[in-house]
């Protein structure tokens, strides 16, 4: 199964400086995604916020350089290390990205396997994205009640996202 991109876009709350305020003890995650999928990233951010997770998105960070450079790469590596989890939003754009595979490689080398999560998606044409990683990492997906949950590779049994 995969989360429909229309569901993510529909959950979107456009970013403002006060949108992302991390609460004490709240789990944090780095979002690996294509900047072309801004609406999907903001929708996922809102869904995860409702589940108690703070999602770091690089273009929301005022300290990130305007143009990608070495400092950008260093900041991304540091954020991946600092956050509790790493989440890859699989879309047509992220699968073609030059940055996303690099970020997954950084996370895979620095985080426990259970701390890397995949969000497989389905676009309006019915095409699924993220299949390449389904057997490697746990995924964030919809359970039968269409709530966002965690699934282990190859499993159809959901784990409440708040328990990870």
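What to note about this one:
- Within segment 108-118, the set of residues being closer than 8 Å to residue 86 by Cβ and more than 12 Å from the chain's Cα centre (by Cα) comprises just one member, 111.
- Among the numbered conditions (1) surrounded by 21 or more Cβ atoms within 10 Å (Cβ to Cβ); (2) out of contact with any helix residue (DSSP H, G or I) (no Cβ under 7 Å at 6 or more places or on another chain); (3) at pLDDT 95 or above, the only one that residue 151 does not meet is (3).
- Some residue of segment 126-134 being under 21 Å from residue 46 (Cβ atoms) and surrounded by 17 or more Cβ atoms within 10 Å (Cβ to Cβ): yes
- Test result for residue 44, within 17 Å of residue 138 (Cα to Cα) and part of a helix (DSSP H, G or I): yes
- Looking across 57, 80, one residue alone is in contact (Cβ under 8 Å) with a residue 40 or more places away in the chain, surrounded by 11 or more Cβ atoms within 10 Å (Cβ to Cβ), closer than 21 Å to residue 6 by Cβ and in contact with a helix residue (DSSP H, G or I) (Cβ under 6 Å, 6 or more places away or on another chain). It is 57.
- Residue in segment 64-80 that is in a strand (DSSP E or B) and either closer than 20 Å to residue 34 by Cα or in contact with a strand residue (DSSP E or B) (Cβ under 8 Å, 6 or more places away or on another chain) (or both) present: no
- Annotation: of all residues in segment 114-125 being touching a helix residue (DSSP H, G or I) at 6+ places or on another chain (Cβ under 7 Å) and assigned to a loop (DSSP other than H, G, I, E, B), the one that is surrounded by the most Cβ atoms within 10 Å (Cβ to Cβ) is 123.
- Any hit, segment 134-147, residues being over 23 Å from residue 52 (Cα atoms) and in contact (Cβ under 8 Å) with a residue 40 or more places away in the chain: no
- Some residue of segment 95-113 being part of a strand (DSSP E or B), out of contact with any helix residue (DSSP H, G or I) (no Cβ under 6 Å at 6 or more places or on another chain) and either touching a residue at least 60 places away in the same chain (Cβ under 8 Å) or loosely packed, with under 15 Cβ neighbours inside 10 Å (or both): no
The values are calculated or read from the model by the stated rules, or taken from the named source; none is laboratory data. Here the structure is a predicted model, which is why all the values come from computation and not from measurement. Virtual Cβ from ideal backbone geometry, glycine too; neighbours counted across all protein chains shown.
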